[in-house]
Amino acid sequence: MEEKLAHKLLLKQCCEQVILQRIAISRRAMDEAQAAANQEDKSSAGDKYETSRAMGHLEKDMHARQLVAHQQELAALRAVNVQAICLVPAAGAFVRSANAGFFIGAGLGKQTINGETVIFLSPASPLARQLMRMKVGDTFDFKGKEIILEIY
């Protein structure tokens, strides 16, 4: 049981690292877009100057929205409890099938952790919602028929 809890904790920590990297990238991109907009020199072609500044601000705003989304995803992940063994799939559960492992916590897609391929799902994703209605021995469609072998 301790091994399963440690596995889920590791998966959650990996999710957190990926999201923190995305937050850092978004912040850096925002700063670069702002700096580029600020460096745009006023020229005799005033429209070009204004257009360039506006484009820089639009890019900064796009990165700001991404930053907020990543921060919200991080907050939701941090609220996920991985200190309990789940009997049915739920947020914080690891679901193993014959061909894949699924961690319900954050939607990061396929990642390789210590040589194991894990598909990280947001609890709100369609596949996670489908899994949440199942138990060990049930089958579901994921690149063909899968049988749930283990839930914890």
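Somewhere in region 77-85, is a residue in contact with a Lys or Arg (Cβ under 8 Å, 6 or more places away or on another chain) and in a helix (DSSP H, G or I)?
Within region 77-85, one or more residues are in contact with a Lys or Arg (Cβ under 8 Å, 6 or more places away or on another chain) and in a helix (DSSP H, G or I).
Could you count how many residues in region 1-43 are open to solvent by 40 Å² or more (accessible area, probe 1.4 Å), in a helix (DSSP H, G or I) and in contact with a Lys or Arg (Cβ under 6 Å, 6 or more places away or on another chain)?
Selection size over region 1-43: 1.
Starting from residues that are open to solvent by less than 20 Å² (accessible area, probe 1.4 Å) and under 16 Å from the mean Cα position of the chain (by Cα), keep the ones in region 88-100 and report whichever is farthest from Ile148 (Cα to Cα). Spell out the reasoning first.
Pass one, region 88-100, residues open to solvent by less than 20 Å² (accessible area, probe 1.4 Å): 89, 92-95, 97, 100.
Still in the list and also under 16 Å from the mean Cα position of the chain (by Cα): 92-94.
On the way: Gly92: 16, Ala93: 13, Phe94: 11 Å.
Filtering first and then ranking leaves Gly92.
Residue by residue through region 101-148, note down the ones that are in a strand (DSSP E or B), touching a Ser or Thr at 6+ places or on another chain (Cβ under 8 Å) and open to solvent by 20 Å² or more (accessible area, probe 1.4 Å).
Lys110, Gln111, Lys145, Ile147 - these are the residues of region 101-148 that are in a strand (DSSP E or B), touching a Ser or Thr at 6+ places or on another chain (Cβ under 8 Å) and open to solvent by 20 Å² or more (accessible area, probe 1.4 Å).
Quick one: is Ala54 small (Gly, Ala, Ser), open to solvent by less than 70 Å² (accessible area, probe 1.4 Å) and assigned to a helix (DSSP H, G or I)?
yes
Considering only residues that are over 25 Å from Gln34 (Cβ atoms), open to solvent by 80 Å² or more (accessible area, probe 1.4 Å) and either acidic (Asp, Glu) or touching a residue at least 60 places away in the same chain (Cβ under 8 Å) (or both), which ones fall in region 57-87?
Hits for region 57-87 are Arg78, Gln83, Leu87.
At pLDDT 95 or above, among the aliphatic types (A, V, I, L, M), assigned to a helix (DSSP H, G or I) and over 18 Å from Gln111 (Cβ atoms): does that describe Leu67?
yes
Every residue, every condition in (1) out of contact with any Cys (no Cβ under 8 Å at 6 or more places or on another chain); (2) closer than 13 Å to His7 by Cα, yes or no:
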site	(1), (2)
Val95	yes, yes
Asn99	yes, no
Ala106	no, no
Ser122	yes, no
Arg129	yes, no
Arg133	yes, no
Asp138	yes, no
Asp141	yes, no
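The values are calculated or read from the model by the stated rules, or taken from the named source; none is laboratory data. Since this is a predicted model, take the numbers as computed values, not measurements. Every residue, glycine among them, receives a Cβ derived from its backbone with ideal geometry; neighbour counts consider all protein chains shown. Areas reflect the complete protein model, heavy atoms only, side chains present, ligands, DNA and RNA absent. Shrake-Rupley method; radii C 1.70, N 1.55, O 1.52, S 1.80 Å.
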